[in-house]
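Engineer: Before I ask anything, here is the structure I am working with.
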Protein chains: 2
Amino acid sequence: MKMKNSLYIIIVGCGRLGSYLANQLSRVGHSVVVIDADEQTFNDLSPDFSGFRVVGDATRIAILKEAKLKQADVFFATTHWDNVNLMVAQIARKLFHVPHVLARVFDPHREEIYKQLGIETICPTSVAAEMFLMAVASGKAGEGKKQ
Amino acid sequence: MKMKNSLYIIIVGCGRLGSYLANQLSRVGHSVVVIDADEQTFNDLSPDFSGFRVVGDATRIAILKEAKLKQADVFFATTHWDNVNLMVAQIARKLFHVPHVLARVFDPHREEIYKQLGIETICPTSVAAEMFLMAVASGKAGEGKKQ
C-alpha cells in the first residue's frame, strides 16, 4: 500500500548508512530500491523491509535502469567510494533528471568540487569535525579545566 | 603564547578528522598534541600548526604519558578503528581522569554500549543518516516529485 506522499527512492550502497536509510524510509512508507554489488550487504536490511534489492554495479546504466532510475524522486549515493558516489550521482542528476540527488563524500576537499558539478553532498567527516569543535567551543570541555 | 582560555587537547589519530581538528584548534590558540602511529599522517597538519606530534601506538600507556595525558583538558579519539578509540578513550577517562573525552565510533550499534561505559561518542554514520533523512522529510526531496 502506497501512502499519499510516498516517494520512489533509490539508494546505492547497502553498507551501514545505506541499509539504515533503506530500513527507515521503507518503514515510513516510501518505495525504496537498494543497489549493491555485494549481495551479502542486504543481510543488514530489516525483516520488514518492503523495498526491492538490485544486485549489481551501479555505475552500469543497465543496473540503474533495472532499478527504474527514471521514476526516482530521490537518489542517494552512499557507497564507501567517493568516486563511485560522484559518478552515479551525476548520472542520476544529469542523464535521468532525478529531482533530488544526494551523495556521501568522505574527503572534505572534494565537497566544493561536487557542489560545482551540481551534486549536493553530505560529508560525515566535516559534520563530525563540527561536532567535536562544538564540544570544545561550548565550554563544556573547559568546565573541568585543570589548572 | 597561550591565550587565556587555552586548553590542553590531545588528539589520537591524524587522519582527515584528526588533522582537521588539530589544525583548527591550534589556530584558535589551544595547546594541541596529536598522536599517530604513522608519521606520514602528520603531513596533513598545516604549516602553522603549533602543537606537538607524538609518533606511536596510543594504546600504549608510555605513548600517552609522552603526550602528557595527565595534563589534558580534552581528549579526542579519532582513529579509524572503533576498538582503538574505545580503549584509549577509557584509559583517558578512567585512569587519567581527563575531564572531557570524546570518541568517534563508526558502528552505530556500539554507541549505546560506549555510553554505558561513560564514553561520549560521535557517530558520523548516524549523523549523516539523520541529514539524509532530513532531506527527505523536509519535503525538499518531494518538491520535484514525479507523477
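What follows draws every value from the coordinates through simple rules; no lab data is involved. Note that the structure is predicted; figures quoted are calculated from it, not measured. Positions of Cβ are backbone-derived with ideal geometry, glycine not excepted, and every protein chain shown enters the neighbour counts.
Yes/no per residue for (1) acidic (Asp, Glu); (2) under 23 Å from A:Gly118 (Cβ atoms); (3) assigned to a strand (DSSP E or B); (4) in contact (Cβ under 8 Å) with a residue 24 or more places away in the chain:
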{"site": "A:Ile11", "(1), (2), (3), (4)": "no, yes, yes, yes"}
{"site": "A:Leu17", "(1), (2), (3), (4)": "no, yes, no, yes"}
{"site": "A:Leu21", "(1), (2), (3), (4)": "no, yes, no, yes"}
{"site": "A:Gly29", "(1), (2), (3), (4)": "no, no, no, yes"}
{"site": "A:Thr41", "(1), (2), (3), (4)": "no, no, no, yes"}
{"site": "A:Ser46", "(1), (2), (3), (4)": "no, no, no, no"}
{"site": "A:Ile63", "(1), (2), (3), (4)": "no, yes, no, yes"}
{"site": "A:Ala92", "(1), (2), (3), (4)": "no, yes, no, yes"}
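Engineer: Could you run through the range A:96-122 and say how many residues are charged (D, E, K, R) and either at the interface with another protein chain (Cβ under 10 Å from one of its Cβ atoms) or in contact with a Lys or Arg (Cβ under 8 Å, 6 or more places away or on another chain) (or both)? Spell out the reasoning first.
Structural biologist: Start the filter on the range A:96-122 by keeping residues that are charged (D, E, K, R), which leaves A:104, A:107, A:110-112, A:115, A:120.
Pick out the ones that are also either at the interface with another protein chain (Cβ under 10 Å from one of its Cβ atoms) or in contact with a Lys or Arg (Cβ under 8 Å, 6 or more places away or on another chain) (or both) and you get A:104, A:107, A:120.
Residues meeting the conditions: 3.
Engineer: Another question, if that's okay. Condition test on B:Thr125, is it buried (at least 22 other Cβ atoms within 10 Å of the Cβ), touching a residue at least 12 places away in the same chain (Cβ under 8 Å), within 8 Å of chain A (Cβ to nearest Cβ) and under 18 Å from the mean Cα position of the chain (by Cα)?
Structural biologist: Details: buried (at least 22 other Cβ atoms within 10 Å of the Cβ): no; touching a residue at least 12 places away in the same chain (Cβ under 8 Å): yes; within 8 Å of chain A (Cβ to nearest Cβ): yes; under 18 Å from the mean Cα position of the chain (by Cα): yes.
No.
Engineer: Then there's this: Report whether or not A:Arg110 is in a helix (DSSP H, G or I) and either in contact (Cβ under 8 Å) with a residue 12 or more places away in the chain or of a type in the set (D, E, K, R) (or both). Explain how you work it out, then say what you get.
Structural biologist: Numbers: in a helix (DSSP H, G or I): yes; either in contact (Cβ under 8 Å) with a residue 12 or more places away in the chain or of a type in the set (D, E, K, R) (or both): yes.
Spelling it out, A:Arg110 is indeed in a helix (DSSP H, G or I) and either in contact (Cβ under 8 Å) with a residue 12 or more places away in the chain or of a type in the set (D, E, K, R) (or both).
Here is a yes/no grid of residues against (1) more than 16 Å from the chain's Cα centre (by Cα); (2) more than 14 Å from chain B (Cβ to nearest Cβ):
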| residue | (1), (2) |
| --- | --- |
| A:Asp44 | no, no |
| A:Asp48 | yes, yes |
| A:Gly56 | yes, yes |
| A:Ile61 | yes, yes |
| A:Lys68 | yes, no |
| A:Ala77 | no, no |
| A:Asn83 | no, yes |
| A:Met87 | no, yes |
